[in-house]
Every structure is written in C-alpha cells, then in structure tokens.
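Values quoted throughout were computed directly from the atomic coordinates according to the rules given, and no laboratory measurement underlies them. Keep in mind that what you see is a predicted model, and the values were worked out from it rather than measured. Backbone-built Cβ (ideal geometry, glycine too); neighbour counts: all protein chains shown.
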Amino acid sequence: MSRLPALLLSSTVGLSVAVGLSACGLPSGGTSGDTSGTGTPASDGLTVLAAASLTDVLEEVADLVRAEHPDLQVDLAFAASSTVVQQVDQGAPADVVVLAGPEPLAMVDPDLVRGDPVVVATNTLVLTVPAGPDDPGTGPVTAVEDLARDGIRLVVCRPEAPCGRAAETLLADLGVAPRIASYEPDARATLTKVELGEADAGLVWRTDVLAADGRVREVPLPEGAEVTNDYPLAVVSVDPAAAWFVEAITSEDGRRLLADAGFGLP
C-alpha cells in the first residue's frame with residue numbers, strides 16, 4: 001500500500017522488505033501475489049494510518065523497520081482517530097491502523113480487521129498552558145479552578161475525537177464548566193493553539209506536551225484526576241509488511257521508544 005488520500009498524507013519514508021510473516025492474522029503461505037519464488041508473498045509497501053498524537057514516535061518505529069527492510073516504501077499518515085476510521089471505511093489504502101481509544105476501533109468494519117487488535121500504548125490527558133515566563137505562577141491559568149474564570153480561553157479537541165471525549169470526562173470529574181474557546185480536530189492542533197498563545201490553556205495528551213520540547217508546560221491536576229486512554233493497533237490488510245510493523249512496535253526497542261515519548265505501556 002503506497003498511496004494515501006491527501007487529507008491524511010503526512011510523510012513517506014523509504015524502507016525495504018525481506019520476506020517473512022508473523023502473527024496478527026496474516027497468512028503464512030503463498031498467495032497469487034507471490035513473486036519471491038519461495039511460497040512467501042511479497043510486499044508492495046506499507047501504509048500506516050494513526051492517531052495524530054503518535055506522529056513523532058511512529059516515525060521512530062519506522063526506523064526500526066528500515067533497519068530490517070531497507071527497500072520497503074512506508075507511508076505514514078496522521079489525523080484524528082475518527083478521521084482515520086472514516087478514511088479506512090471509505091476504502092483508503094491501509095495495512096495497519098493505530099487509534100487513540102477503543103471507541104474509534106469499534107467503528108471500523110470488523111470484516112477489515114485481520115486477527116485480534118492489540119493495545120500497544122496508553123496516554124494520559126493533561127492540562128497545558130503556554131511556557132511563558134520562568135515563573136510558572138504568573139500566567140492566567142495556574143490551577144484547574146482557573147478554567148472557570150471569565151475570559152479564560154480553553155481549547156479542547158472536538159467531541160468525536162478521543163481527546164475530546166477524554167476532556168469531557170475530565171472536566172465532568174473535576175466539576176469544572178469552563179467556556180470552550182474552540183474545538184480542534186485533534187490533540188496536536190489543540191496543542192498548537194496553546195503554543196502560539198492563541199489560548200490560555202488546552203487539554204491534550206501528556207506525550208504532546210513532551211513533544212513540544214518546552215514550548216508549553218503542564219499544570220498539575222488534583223490527585224486522582226486522571227483520564228487514561230488505550231491505543232489499539234489493528235491490521236487491516238494481508239500484506240506481510242503489516243506483521244513487520246507489528247513486530248517492530250511491540251519489540252523491546254519499540255516499547256522503549258513509546259516509553260521515551262511519554263506513553264504508558266500495557
């Protein structure tokens with residue numbers, strides 16, 4: 001799978017393929033597409049569609065695949081999980097999808113999923129504000145209670161996005177009813193509003209704050225006020241390259257990359 005809809009296309013990475021198969025419901029024998037002469041199907045490339053919050057770490061997972069298969073073309077595309085699901089159901093080429101939360105996965109046509117999905121990571125919603133001055137107590141939002149003050153611009157993800165549902169849950173649990181300045185398509189777009197100073201605060205994933213590299217900072221939430229999300233991975237093609245990607249992200253090196261990016265490990 002090498003072509004992506006313009007809505008999702010993020011980057012194309014050149015990788016290679018030696019032929020081999022593993023779990024995730026992929027076949028172990030030859031197919032009509034077998035060109036290797038060994039009874040093993042050859043891959044025509046790898047397409048991974050994933051939640052926007054995985055943008056940085058999946059680029060690094062792709063490097064693990066590249067180390068084993070230097071000639072394989074890999075297309076990585078990132079968007080809100082609801083958008084990923086919509087594109088897959090509309091026939092967008094894909095071999096693997098990685099989504100933020102089980103709800104989007106439930107909307108994928110089950111006939112497209114090969115084998116059992118596997119949770120590869122978890123993430124936690126946090127309150128973030130612009131980095132501003134060195135003194136963390138000088139901004140308009142220094143505690144979650146500040147969100148209810150007049151004039152505070154809070155940005156969150158759209159309700160249909162996993163980060164939007166998580167934000168609704170968190171605010172309800174905290175008993176805070178702020179005025180929402182805008183609803184963004186995904187956590188990365190929400191974070192950008194905060195980075196640019198177009199919002200006083202945003203609710204995003206902890207990994208997004210780490211990826212911002214000091215341009216925003218996290219405001220502590222009350223103890224026990226955490227909303228955590230699973231990231232399920234599903235294989236949606238019979239291409240053997242899908243199994244190579246699964247092997248990479250679930251390997252010791254893949255789990256280390258996820259942990260370094262701030263993801264929890266199941």
Practice problem: Using the charge dipole of the stretch 123-228 (Lys, Arg: +1 at Cβ; Asp, Glu: -1 at Cβ; taken about the Cα centre), state which of 185, 207, 127 has its Cα farthest towards the positive end. | Solution: 185
Exercise. List 53, 251, 82 from most exposed to least, where exposure is judged by having the fewest other Cβ atoms within 10 Å.
Key: 251, 82, 53
Practice problem: Please work out the Cα convex hull volume for the stretch 185-236 and give it in Å³ per residue. | Solution: 108 Å³
Quiz prompt | Square roots of five times the Cα gyration tensor eigenvalues for the stretch 123-228, Å | solution = 18, 15, 14
Quiz item: Between residue 213 and residue 169, how many nm apart are label points set 7 Å from Cα along the C-beta direction?
Solution: 3.1 nm
Quiz item: Which length gain, in nm to one decimal place, applies between residue 111 and residue 255 when the Cα-Cα distance is subtracted from 0.36 nm times their residue separation?
Solution: 49.0 nm
Exercise. Could you sort 143-150, 69-76, 157-164 so that the peptide with the highest average Cβ count within 10 Å comes first and the rest follow in order?
Key: 157-164, 69-76, 143-150
Quiz item: Stretched out fully, how many nm does the piece from residue 148 to residue 103 gain, at 0.36 nm a residue minus the Cα gap?
Solution: 13.3 nm
Exercise. Work out how much length residue 226 to residue 90 would gain on full extension: take 0.36 nm times their residue separation and subtract the Cα-Cα distance, in nm to one decimal.
Key: 45.5 nm
